[in-house]
Amino acid sequence: MFGPDKRSIHASEFLYRKDVLVVRGSYRPPTLVNLDMIRSSFEQFRGEAEVNAGKTFLLTEITLDNLRADGELDEKDFTDRAELLCALGQTVVISNSERYQKLISYLADYRIGQLGLVIGARQILELINDKYYENQDGNLLASFGELFTRNVKMYVYPAMQEGSEELMTSQNLPVPEGLKFLYQHLLDSHQIEDILKFKAENLHIFSKSVLQMLQNDEEGWDSMVPEKVAKLIREQCLFGFPYEQMEFEY
């Protein structure tokens, strides 16, 4: 874990008996969507009746699997992302918990109260489909039970549906037929809940597109990321920003 000052910190110093919200992402680079996802989900999390707003902690998480490029760990890529998140005032955690169950089990060691996991609409659909098709042997309930324990809630950030103005949310996900009853139960029990106060005007922004644009220094990429992020990318040539675009002062 790294604090906003970029120094390494120990999880036990901050997480013990706290209510914790984890926002997982690629952050390559952190965009206005990422920033809105963090802001809106944390505001909603702190407003929950069962959450003690005075004892909450926010983590932005990058998994080691996400940091690997071509099978190798790209340390420069990690430092780029971590530096930008820290510059935005975030606490960054690097985990090897590609599966959410492993992350939940790890955080349980710190006796946290309520745990919120922030996930995009497309990502939760992928997660649900994986669970369903990997557990056709009758272990479906047990598999979902490991994920949705008593104190865990998933906050779903909407996404634009391709070729449509309709938003993809937790309420209209095309879940497999054999999972609809269980999924509806998770909605009814509020263990899966939509993020409400999001900025719809930013939903057209995708990190992969921004990354490609900034690497070619195409016009407009800097309007899709926080001003501080754009400044650091330009000054330090992060994420492959072309050196020849730098302006040198003499």
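The values are calculated or read from the model by the stated rules, or taken from the named source; none is laboratory data. A quick note: this is a predicted structure, and the numbers were derived from the prediction, not measured. Here Cβ is always computed from backbone atoms with ideal geometry, including for glycine, and neighbour counts include all displayed protein chains.
State whether the residues of the range 192-213 include one that is surrounded by fewer than 13 Cβ atoms within 10 Å (Cβ to Cβ), over 21 Å from the mean Cα position of the chain (by Cα) and of a type in the set (Gly, Ala, Ser). I'd like the intermediate steps shown before the answer.
Initially, the range 192-213 is screened for residues surrounded by fewer than 13 Cβ atoms within 10 Å (Cβ to Cβ), giving 196-197, 200-201, 204, 208.
Of the ones still in play, those that are also over 21 Å from the mean Cα position of the chain (by Cα) are none.
No; the residues of the range 192-213 include none that is surrounded by fewer than 13 Cβ atoms within 10 Å (Cβ to Cβ), over 21 Å from the mean Cα position of the chain (by Cα) and of a type in the set (Gly, Ala, Ser).
It is to be established whether one or more residues within the range 110-117 are farther than 21 Å from Tyr16 by Cβ, touching a residue at least 60 places away in the same chain (Cβ under 8 Å) and either surrounded by 13 or more Cβ atoms within 10 Å (Cβ to Cβ) or more than 22 Å from the chain's Cα centre (by Cα) (or both).
Going through the range 110-117, the residues farther than 21 Å from Tyr16 by Cβ turn out to be none.
No, every residue in the range 110-117 fails to be farther than 21 Å from Tyr16 by Cβ, touching a residue at least 60 places away in the same chain (Cβ under 8 Å) and either surrounded by 13 or more Cβ atoms within 10 Å (Cβ to Cβ) or more than 22 Å from the chain's Cα centre (by Cα) (or both).
Can you tell me which residues in the range 163-185 are assigned to a loop (DSSP other than H, G, I, E, B) and within 23 Å of Ala200 (Cβ to Cβ)? First the steps, then the outcome.
So in the range 163-185, the residues assigned to a loop (DSSP other than H, G, I, E, B) come out as 163-166, 169-176.
Matches in the range 163-185: Gly163, Ser164, Glu165, Glu166, Thr169, Ser170, Gln171, Asn172, Leu173, Pro174.
For Ala69, indicate whether it is among the small types (Gly, Ala, Ser), modelled with pLDDT under 90 and surrounded by 15 or more Cβ atoms within 10 Å (Cβ to Cβ).
So Ala69 fails the test.
Out of Ser40, Ser105, report the one residue that is among the hydroxyl-bearing types (Ser, Thr, Tyr), under 19 Å from the mean Cα position of the chain (by Cα), outside any strand (DSSP E or B) and modelled with pLDDT of 95 or more.
Step by step, each of Ser40, Ser105 is checked, and only Ser40 is among the hydroxyl-bearing types (Ser, Thr, Tyr), under 19 Å from the mean Cα position of the chain (by Cα), outside any strand (DSSP E or B) and modelled with pLDDT of 95 or more.
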